1. Using the Cα centre of the range 116-204 as the reference point, and only Cβ charges (+1 on K/R, -1 on D/E), how large is the resulting charge dipole? Debye, rounded to the nearest 20.
2. Lys and Arg at +1, Asp and Glu at -1: add these up for the other residues within a Cβ distance under 10 Å of Arg131 and post the number.
3. With +1 assigned to the C-beta of every Lys and Arg and -1 to the C-beta of every Asp and Glu, and no other charges, what is the dipole magnitude of the range 112-160 about the Cα centre in debye, to the nearest 20?
4. Just need the relative contact order of the range 91-157 here, percent rounded to a whole number, with Cα pairs under 8 Å and 6+ apart.
5. With charges set only on the Cβ (+1 for Lys and Arg, -1 for Asp and Glu), what does the dipole of the chain come to about its Cα centre, in debye to the nearest 20?
6. Using Cα-Cα distances under 8 Å and only pairs 6 or more residues apart, what relative contact order does the range 1-116 have, in percent?
7. Given R₀ = 25 Å, what would the calculated FRET efficiency be for Asn42 paired with Asp108, taking r from the Cβ atoms and rounding to 0.05?
8. Among Phe6, His39, Leu22, which residue has its Cα furthest toward the positive end of the charge dipole of the range 1-118, with +1 on Lys/Arg Cβ and -1 on Asp/Glu Cβ?
Amino acid sequence: MDLKNFKWTRKPQEYKIEGDRLEIITMPHTDLWQRTYYHFQNDNAPVFQMETDEKYFSFVVKTEFSESHHRFDQCGIVMYLDSENWLKASAEYENEDYQHLGSVVTNDGYSDWATTTLDASVKSMWYRFSRRKDDYCIENSVDGVNFSQMRICHMRHGKGTIRFGVYACSPEDSSFKATFSNMALLECQWKAHDGQPPDVENRF
């Protein structure tokens with residue numbers, strides 16, 4: 001993918017782009033979250049995205065986070081429409097024993113968080129983000145070949161033109177280097193369910 005097609009929603013103070021590889025140095029107290037449970041609203045994480053009106057596609061990226069070391073350090077995929085409508089998926093550092101592999105979906109200003117436990121020794125993860133009109137699928141993989149479903153969701157404002165890409169942040173008093181590479185835009189890998197019509201609008 002040509003990273004020249006991507007734009008910053010919020011530009012980090014320190015980053016580097018070399019070919020198809022992006023490095024972000026996170027700043028302390030940056031995050032994406034809206035209201036639910038914690039009651040606070042954080043909307044200041046750097047987001048690097050491209051725009052499309054394609055209704056059927058998959059986006060793949062490899063993330064590396066060997067320097068993550070503090071609670072809630074995270075990097076991954078994102079679809080950021082506006083401050084109250086977005087989704088993200090990442091490996092989020094918790095402690096020396098484990099991390100949270102999770103996803104957040106925010107519709108109309110309220111976030112949820114679905115997680116599973118990931119060993120703290122894991123320092124790289126692939127993600128695949130797929131769109132079928134205004135429905136979305138998030139998957140992860142340790143090798144970039146075999147992907148496992150993390151969640152399927154509906155975005156209330158996810159029709160028409162959207163923006164998607166990557167993000168990194170450190171919600172507490174921390175900073176680390178997040179690296180993104182091997183980005184690819186593919187024909188939708190999230191296939192139609194049995195009995196559904198074929199994807200006649202797919203342009204890939």
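The values are calculated or read from the model by the stated rules, or taken from the named source; none is laboratory data. This one's a predicted model, so the numbers in the text were calculated from it and none came from an experiment. In this analysis, Cβ positions are derived from the backbone assuming ideal geometry, glycine residues included, and neighbour counts consider all displayed protein chains. Remember, those area values only see protein heavy atoms, side chains included, never the ligands or the DNA or RNA. Shrake-Rupley method; radii C 1.70, N 1.55, O 1.52, S 1.80 Å.
1. 280 debye
2. 0
3. 300 debye
4. Result for the range 91-157 is 24 percent.
5. Value, rounded to 20: 560 debye.
6. Rounded, it is 18 percent for the range 1-116.
7. The calculated FRET efficiency here is 0.90.
8. With unit charges placed on the Cβ atoms, the residue in question is Phe6.
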